[in-house]
Each structure stands twice: as structure tokens, then as C-alpha cells.
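Everything below concerns the one structure shown next.
The values are calculated or read from the model by the stated rules, or taken from the named source; none is laboratory data. Quick caveat, the model's predicted, so the values are computed rather than measured. Note that we place each Cβ from the backbone using ideal geometry, even for glycine, and neighbour counts take in every protein chain shown.
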Amino acid sequence: MSPRVRVLLFALAVLCLAPAFAHVALHLPRFGAHPLPYGDAINAAGTRERHVTNMVSAVNFDYRGFDTLGEEFMLLGAVTGTATLLRGTRGERKEVPQQVPGRPVRARSDAVVLVARLMGTTTVLFGVYVALHAMTTPGGGFQGGVIVSSGLLLVFLAEGYRGWRRAMRSEILDACEGSGATLYALCGFASMLAGLPFLQNILPLGKVKDLFAGGLMLVENAGVAFAVAGGFAVLFLEFLEETRVEADGDDEEEKEA
Amino acid sequence: MTVLPVGVMPPLPVAGPLAVAGLLLATGTRLPRRMPDVVAILVALAACVLCALMAMGSAHAPLVYWFGGWEPRHGLAIGIGFVVSPAGAWLGAFIALLFAATLLFAWGYFDAVHAHFHVLMLLFMAGMIGFCLTHDLFNLFVWFELMSVSAFALTGYALRTDALEGALNFTVVNTIGSYLILGGIGLIYLEVGALDFSALGRGVAAHPGDPAVAAAFALLASGLLTKGAQVPFHFWLSDAHAVAPSPVSVIFSGAMVSIGLYGVAVLDWTVFAGSAVVQHLVHTLLLGMGAASAAVGGVMALMQRHVKRLLAFSTISHAGILLVGLALSDGNGLSGMLVYLLGHGLVKGALFMVAGIMLASLGGIDELGLRGQGRRIWPAGLVMGFGGLLLAGMPVGLMDTGLERIELAMRDQHQIVVRVAVLTGMVCTGAAVLRVAGRVFVGWGPVSGEEECSPTDEEREKADRPLWLMMLPTVVLVALSLCGSHDADRIAWRAAALLMHPDGEAILGLATARPAVVAPWAAVPGSWLPWVATGLAVALSGLELFWHRLPRSLARGYDRASGPALGALGALHSGLVGDYVAWIAVGLALFVLA
């Protein structure tokens, strides 16, 4: 199909779809006018039943915790798949790599190093804070995990590539990711061992507004934080490793130098 | 079962493989070499047993399991439920069995460090089983995505350029499908305010003429039909199946595609049963799409020389027959679809394994290039020839039992055109596979000179396994597809009845369970269709192999009659992802026009 025919075909299809789209859009409930029975029910009962104030976390980790289990492993699958596809061609490197031949090492300014060192540690700390406060304020293990791993990425800026590789061991990151996700699944099995349905709370719920309220949700949240931090760090590692493959231009640069 | 009551089983076949996958990833580097293989096979077998036990335990009333113990309050589902019915559970058992066979087939094939292949396969399996058991629309989407994500990575596993291109087409098209599903979920949640299937069904029945409900169905169905590879959403399939490693293609064709169609069946009967517009759409548009897929897939299969691509098109064709069974919207059609799904999965799985054996033992997959070279692996040739006959509709086994039911429904509803399309699909796919078997394993057909030596992609899979190890799962799958068809028909009849009359009020705790209404089972009178189809397929494959021996004028006429139309059809399957996206838009527009 030539590009013109393709666009024509697409335009015709859109032409047919447009009136239907308008028709459906006009029949939807007005903005803010529809009843949302689920949200009301959770808001009414959540704090009483689960002793937490962040209802999003209550839904994610408890009322619909089983969805999050699936999503956790979806992330694990995506990261594993990406790692497989990226690693495949170049294999996995265990040792800390040497400098790519012919690529000039540019000195980083002290300001960058200082800022990255300061920001790196604070970012990791902030990520832990966000993950810990999942039950009381907006945030949670997923968000916190992403922040922690982006803090780890600042190690690259502060210490250069070799420093980054010395700090990041792929087997440790894999273990962090895999065991975090497994921890979530094990929470469900723990409930079953206690004779309860999968993922039903088995720990004391704690006091409302307390950092450690929420029972089993806390453990699940920790599992998510580990899995996400490990998973994203694996991604960063693999993508940065891609830049180490000798590009076609490298040799020429060497000649010029 | 005294050790484990059937009531606590529902989470196990899903959460168990997930937990093991996580552990394998965490410990992958430290495990002995063959450990991941053994663990994955054992997990698949365990999941198969659990699903089969649940299927037997749910024969009279569905097993309802609320995660976290959140039972519905006044009809409002607070948490997520699994409602295990015989149809879903038997499907789960079939999937797990197919995985076990595939993992055995792939024994030692994926030796890479970290056991990544096994992790992805276990995630893939868990996603598919969860998809079959769940009773919550968003949860369905979660398992659908898990299955897609692992499938994308597995497709590109071989890391050749064409593998990555096929994987990319697959990813783009299926991700658009996922977005459509998500859009559909959003629309119907906005309208009805629930995600549980039973609650949605009540809500849909309360808004019968609502355009948003019909639009939600259109979006959900398009997404699932993309996975189910129906015309015009089918283009990705042949690209992806042709390049994926053979063990992965076994799963794709054997189970993943048909699971998408099972999803449509579940939504059709549990959620949208109360909407006349949707029922009309199913009975007209989906029926047409199924018939078109059956015919187009069959004709395209006949035109291929790359054996895996040929099998991929035959999957499109047979998935079309499945959709026809579903869209006929009666007990015969649906129960026929369920049996046909199992039979086709087993047969097509075995055929892809034969393709894998060809890649490993003969070092190629090109039908013309391998002419006559397959003699030394003749057992594989026997399976392929027999599989071709089964695809064509030879009257034995599960495929035939399913087809007879679908045929009965088509005859009752006087669907002449659809019957012709189904017949075309069966004849063409059967003939194509028979032709390959004849050419590669016997050496029939003309020596075509230049064409035979034309450069094809260098394709080869690792040849480190003995032939018997690869043949074992292949033969088991074919043998399974031949036995128990009478019992399967009875079970599917009951399973279809339970699927068509879900007891939503009882699931939501609004009423006590009522006894299931199952019409008395009656054997299907045998029809002439299988005999005609098999005969025609054998004749057509003979024609394809020996057309050069026909009188010259006849041969030229055959060439001229089939040439241009087939060329145009072939040109549509361009491999360009932009084209595919345009066709998805066309498919959506069809929903509007219908």
C-alpha cells in the first residue's frame, strides 16, 4: 500500500468513526454529575476497616490488591524482556568495563559532582520517605521505588561510568526485583496458610494516621518498593550499557585524535 | 481432595507460577543448569492438575472466590472475584498442559543465563490462566497485559533483524488493541460504575439502548479480536508467528489467539447479554469477520512457502471458525467452539513443533528449499501429514467433534455463505499443510530450478536435542487431540450452558443460587462436511504438487485464474506497521457501520 492510499484509508475510517464518537460523547454523563458508588463506598468504610488515610493505597494494596500483584509481575516481565532483548547481542558483562577505546574522557566539573552527590543521597532518602508514607499520604511503594532508582542514576553523574558500574551489580538488582515481587505473592500465600482468602489481612492494623498502620499492606508495599527500585535500576543499567557498545563513529574519532 | 479443598484453589494456578517466576529471576544465576527447565515443567503440570480439579469441582455450581475476602455488599463488588466455571477451568488446564509440553519440547533450547526464558514463560502462563478465571473487567485487562508483555519479549528472543521487526509489529498492533480495551473499560465504568462482570451485566441490562454501552463493546471486542487475529485486525499474527522461536509459536497459535476469542465469548454472555444492539453486532458483524478470517487465512496459507508463516495463516483461518461458532450465539455454536478450541490448539501446537524440528534438524524452514530433505526425520512428516488431515476436518478427534456442533448451528440458521467460508478455510489450510508434508518429507512436486535455490533468510534453531525428545511432546499433543472427544462434547455442552446463563444475582450475593439450566445433551448426527472437506483438501494438495503434470492449457488456466486476485491479497500483507494501524481504524469503522 502506498503512503497515499494508506492515509486515504485511514481518513475514510476516521470519517466513519467521527459521528459515532460525537454521538457517544454527547450521551455520556455530564462532567461531575455521575454517581460513583465504588468510590463513595470505599471512602465511607476505608479508614474504619483498614486504619489508613490514603484510600488509593487501600484500594491498590487491599481491596483490589490482586490487580497490583498482576501489575507487579507485568513490570517484572517488561524489565526482564527488555534486559533479554538488550543483553542478547552483547552478552552480559560481569567485570567493570574499561574505557571504550577512542572515546575521549571529558572531565566533569566539580559543581556537577557536588550537586549530583548531594542530590543523589537526598533523592534516595526522599524515595524511601515516599515509600514509607504509603498509608498516610499520597505516594507509595511504586512512586517511592521509582524515585529511589532515579536517585541511584545520579551516581552515574557523580562518579562516572566506572563508579556507577562498581555500585550496580546486576545480580543484586535482579535479586532485589525478583524477591520484592515474590514477597507480594508470598503475602497472599501467608493469608491462605492462616486459613483466610488470598491477600486478606493477617497482621494487626495499627492506629489511624500512624506510619505503621495498615497491617499486611505494609509488607506488600515494601515488596513493591523493592521490585520497582530494582527493576528500574536494571533498566538504567542495561540502557547505559548500550552506550558502551563501540559505535561506528568511534574509530574515526580515534584517527582524528 | 482431602488435602486441599477445591474452594481455596482459585488463586493457586495464577499466583503460584508468578511467585516461582520471581524466585527464578532472583536466584537465576545460582541454579544448576537444568533446574529452571525442571521447575517450570513441574509448575505447569501442577497448574494443570489444579485447573482440572477446579473444573470438575465446578460442574454444578461455579466456584466463587473473593480476593482478600471482600464479598460484595448489597450487590456492590468491593474487591476482585474469580468465578471458576468449567469452561474457564478446563481452558486453564489445557493452557498449562500446552506449556508443560512446550517446555519439554524446548528442553535445553534456551540455555541463556538468568533463566529469563523460563521466567517469561511462567509469567505468560499465569497471565493466560488468570485471564480465563477472572470475573472482573480490570483484572481481565491486567492479565491480558501480562500476557502481552511477556509475549512481546518472547517474540524477539531470537534477536535477528526480522525477529525484532516481527516483534515490533506485534507490539505496536497489540498495544493499540490494549488501549482500545482500556478505553472500553473506561466508558463502561463511567456508564455503569462497576467492574465485576455480574454487576456490569446488571448495569447493562438497566441501560439497554445506551450508545456508550455499544461503543464500549466495540472497543473491548476490537482489542480482543486483535489478540484473536480476526480480519481486519489480523495482520500482526503472521509476522510475529513466523519469527518467534518455535516453542513460543506453539503457545501463540495453540492458546493465545483463541484465548482472545474466549474473552469475547465471556463478555458477550456475562456482561452484554442484556443489550440487543450488542447481540445484533455479534450475530452479524462478528459472524462476518469470522467467515472472512476463515477464508482469507486459508487462501493466504496456501500461498506461503515459509512453513511457519503458512501455519500462522492457518491459525487465522481456524480462529475465524472459532469466531463463527461464537457468533452463531446458540448452545451448539458455543459448545462447538470450546471443543474446537482445544482440538485446534493441540493439533496446531504439534504442527509448530514439527516446524521447530525442521528448523533444528534440517536447518531451514523453506518449503521449496527443503524439498525431499525431510526423509530422514520421517516421524515428523507423519505427524505433519496427519495434522494436515485433521485441519482439513478428517472425522476423528476433538476438532471434528467441535466442527460438527458448529456445522449443526450453521445449518439450523441457514448460513450458506458462512458455511462456504468455513469449508474454504478447512480445505485450503489442510491442503497447504499436506502439500508441505508431501514436498518436504516425500519429495513430491516439481523441481522448480532457480526458485529452489533462491536466497532465503538464514534461519536455524539449535540442534542440540535428540529427535525423540522433540517428537515426544508432539506425539502426545496429537494423541490427546484424538481421544475423549465424546466426553469432551458432553462436558463442553454443559460448560457452554453455564457460560450462557450465568447466575449473576447469586454471585453478587443478592439471591440464593438457582440450579443450572442445562438442556439435555444429544449426540450430533454426522454430516457430510468433514468428508467433503478432507477429500477436497487432498485433491487440492495433489493439484498444488502435481499441476505441472496436467495438460498445459489446464495448468495455465489454473495459474491465470488464481494469479491476480491472490497477488493483491498477498500485497495487502505488507509487513508495514502503518498499514496495519490503518486497517485497525477500518475495523473500528466497521463496528460503526454495522
- Message: Taking the criterion of being surrounded by fewer than 18 Cβ atoms within 10 Å (Cβ to Cβ), modelled with pLDDT under 90 and within 14 Å of another protein chain (Cβ to nearest Cβ), would at least one residue in the stretch A:147-169 satisfy it?
- Response: yes
- Message: Take the conditions over 30 Å from B:ALA151 (Cα atoms) and touching a His at 6+ places or on another chain (Cβ under 9 Å) and apply them to B:ALA205. Does it pass?
- Response: no
- Item | Residue list for the stretch B:168-199, restricted to those being part of a helix (DSSP H, G or I) and within 8 Å of chain A (Cβ to nearest Cβ) | B:LEU187, B:LEU190, B:GLU191
- Total residues in the stretch B:379-396, condition in a helix (DSSP H, G or I) and crowded, with 24+ Cβ neighbours inside 10 Å: 7
- Item | When residues of the stretch A:67-85 are limited to those that are within 7 Å of another protein chain (Cβ to nearest Cβ), within 14 Å of the chain's Cα centre (by Cα) and not hydrophobic (A, V, I, L, M, F, W, C), the one farthest from A:PHE142 (Cα to Cα) | A:THR80
- Message: Test of understanding: among B:VAL433, B:VAL475, which residue is modelled with pLDDT of 90 or more, β-branched (Val, Ile, Thr), surrounded by 15 or more Cβ atoms within 10 Å (Cβ to Cβ) and farther than 24 Å from B:SER317 by Cβ?
- Response: B:VAL475
- Taking only the stretch A:170-187 into account, find how many residues are within 7 Å of chain B (Cβ to nearest Cβ), farther than 12 Å from B:GLY28 by Cα and more than 16 Å from the chain's Cα centre (by Cα). 2
- Message: So, in the stretch A:191-230, how many residues would count as being out of contact with any Leu (no Cβ under 7 Å at 6 or more places or on another chain), surrounded by fewer than 16 Cβ atoms within 10 Å (Cβ to Cβ) and either of a type in the set (Phe, Trp, Tyr) or assigned to a helix (DSSP H, G or I) (or both)?
- Response: 1
- Task: Could you please let me know if B:HIS116 is of a type outside the set (Phe, Trp, Tyr), more than 14 Å from every other protein chain (Cβ to nearest Cβ) and in contact (Cβ under 8 Å) with a residue 40 or more places away in the chain?
- Result: no
- Item | Single residue of the stretch B:145-155 satisfying the filter (facing chain A (nearest Cβ under 8 Å) and among the small types (Gly, Ala, Ser)) that is farthest from B:LEU182 (Cα to Cα) | B:ALA153
- Which one is surrounded by the most Cβ atoms within 10 Å (Cβ to Cβ), of the residues in the stretch B:203-219 that are part of a helix (DSSP H, G or I) and out of contact with any helix residue (DSSP H, G or I) (no Cβ under 6 Å at 6 or more places or on another chain)? B:ALA205
- Item | Residue among B:ALA273, B:ALA265, B:ALA301 that alone is more than 30 Å from B:ALA437 (Cα to Cα), out of contact with any His (no Cβ under 8 Å at 6 or more places or on another chain) and either at pLDDT 95 or above or buried (at least 24 other Cβ atoms within 10 Å of the Cβ) (or both) | B:ALA265
- Within the stretch B:156-163, is even one residue surrounded by 24 or more Cβ atoms within 10 Å (Cβ to Cβ), at the interface with chain A (Cβ under 7 Å from one of its Cβ atoms) and modelled with pLDDT of 95 or more? no
- Task: Filter the stretch B:22-42 down to the residues that are under 18 Å from B:GLY92 (Cα atoms) and not β-branched (Val, Ile, Thr), then identify the one that is farthest from the other protein chains (Cβ to nearest Cβ).
- Result: B:LEU42
- Message: Please go through the stretch B:63-76 and give me each residue that is more than 8 Å from chain A (Cβ to nearest Cβ), modelled with pLDDT of 90 or more and not in a strand (DSSP E or B), ordered by number.
- Response: B:GLU71, B:PRO72
